[in-house]
Each structure stands twice: as structure tokens, then as C-alpha cells.
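A.B. asks: Quick one: structure below, then a few questions.
The values are calculated or read from the model by the stated rules, or taken from the named source; none is laboratory data. This one's a predicted model, so the numbers in the text were calculated from it and none came from an experiment. Cβ placement follows ideal geometry from the backbone for every residue including glycine, while neighbour counts extend to all protein chains displayed. Only protein heavy atoms, including side chains, enter the accessible area calculation; ligands, DNA and RNA are left aside. Shrake-Rupley method; radii C 1.70, N 1.55, O 1.52, S 1.80 Å.
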Amino acid sequence: PAYGASIPGYREFPQGVIGPLPTPVAEVYIFTTSNNPIVPSQPLVPLYRLSFQGTEGGNTNNLDHVYTTDQAGINYYSFAYKLDGIEGYIFDDAYAQPPGTEKLYCYYNASGDDHAIFPESKLSAMISAGYSPPGGGANPWIGFVYPNVDRDNDDLLDGFELAISTCINDSDTDNDGIRDGKEV
């Protein structure tokens, strides 16, 4: 199942040959470049996606994705996973936590042979669902991300608004008749 809130500007996936698709949702946002909007001298780190396709419990279509932000993680998973590429960029866990962000975790569920990435606010729910740190030297905490929260519906994440000093409870911080999301 998909988890998360709807994504401003992306109300539906393009229609394909298989018919209607579910509404796009996300728990967090990631960046498309390594440019850090908060501290430009500290570049964002790549969020690498690796995938494994094989048989699990008789399912020959088993597909699992795992994410990491460093070469050590790539090396650890390379025994069975292939590197697909960079999914996006996130704040490096080696630096101070930016305002409005949450830790991003990558945990594993052995019974479902499934990795998942999720924000810290979902940690207890994911543990209850059977996910745990991957072990074997893989870092379960991989960086910081903005949660998909936009209280004032101006198409700017609350965390990003904190970073650029606009108000998270007012869609037009400077009262000029133009929503903050349009101005930025």
C-alpha cells in the first residue's frame, strides 16, 4: 500500500496502458540537485536506490529496493542488489539537523523480504509492522528530509518555509495577494 499525503502539483500519475493508477503520495520530499538551500557550503548527499529482483517465498516477481547515501552502503548491499542510480538528494546526517526536517530511516522486514524508507515520525509504526534496522554494518539512519506537510496549502513544505522565513500558517506571508508558493 502507498503511504503519505498527496503531493502538490501531482494529483495523478499519467494514464498508462494498464488503466487508472493510484493518487501519488509521499511521506517526505527529496531534492533534485545537491544544492543545499540552507547551508550552500554543505552539499546534499545522493540518495542511491539499489534493487533486487528474484524469488522470495515462491514469488518469482519479488522486487525489493533499498536506499543508502554512501559508498559503504552500496558496498554492503552489492552482494545481491544492483545500483539503479540516484533517486534524489537529502541533507547529510554528518551535519546539524536543519530546521523542520526529520531523520530518514531505512529498515528491513525479514518476513516480507522488504526494505522501506520512512521519516522518524513513522518509526514506531514501522517497528510495529515488523521492520527493524538492517544490521551487518548498514546504517539505518541515512539523513534528514522535510516531511510532506503544508499546513497553509501554499505549495511550500512547512520545513522549507521555516528555512526561508515565510509563515507556515499563512499562505501569503507578505500580504501582497500572491501565495508564498507562487512567489518562491
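A.B. asks: Which residues make up the longest stretch of the chain clear of trypsin sites (Lys or Arg not before Pro) that lie in a DSSP loop with no more than 14 other Cβ atoms within 10 Å, not counting the sites? Each step should come with its number before you reach the end.
C.D. replies: Numbers: sites that count: Arg11, Arg151.
Looking at the chain, 12-150 is the longest stretch - no exposed trypsin sites (Lys or Arg not before Pro) with at most 14 other Cβ atoms within 10 Å.
A.B. asks: Between Asn148, Thr173, Leu162, whose Cα lies farthest towards the positive end of the dipole of the range 143-184 when Lys and Arg beta carbons carry +1 and Asp and Glu beta carbons carry -1, centred on the Cα centre?
C.D. replies: After comparing all options, I get Asn148.
A.B. asks: OK, next. Counting only heavy atoms of the protein chains, get the accessible area per residue of the range 27-184 (1.4 Å probe) and round it to a whole Å² value. Mind showing how you got there, number by number?
C.D. replies: Values: 8260 Å² over 158 residues.
That works out to 52 Å² for each residue.
A.B. asks: Something else about it: What percentages make up the Cα-Cα pair-distance distribution of the range 27-180 when the bins are 10 Å wide from 0?
C.D. replies: 11, 35, 31, 16, 7, 1, 0
A.B. asks: If you don't mind, there's one more thing I want to ask. Which length gain, in nm to one decimal place, applies between Glu183 and Asp170 when the Cα-Cα distance is subtracted from 0.36 nm times their residue separation? List each step's numbers first, then the result.
C.D. replies: Values: separation 13, 0.36 × 13 = 4.68 nm, distance 1.35 nm.
Full-extension gain reported as 3.3 nm.
A.B. asks: Dipole magnitude of the range 39-184 about its Cα centre, charges +1 at Lys/Arg Cβ and -1 at Asp/Glu Cβ only, in debye to the nearest 20?
C.D. replies: Numbers: 7 positive and 23 negative charges, 156 e Å.
Charge dipole, the range 39-184, about its Cα centre: 740 debye, nearest 20.
A.B. asks: Got a number for carbon plus sulfur as a percent of the range 34-184's accessible area, 1.4 Å probe?
C.D. replies: Working: 3830 of 7810 Å².
Carbon and sulfur: 49 percent of the exposed surface of the range 34-184.
A.B. asks: With n ≥ 4 as the cut-off for DSSP H runs, can you work out [θ] at 222 nm for the chain, using -39500 (n - 2.57) per run divided by the number of residues, rounded to the nearest 500?
C.D. replies: Numbers: 4 runs with 24 residues, N = 184.
Calculated from helices alone, the mean residue ellipticity at 222 nm is -3000 deg cm²/dmol.
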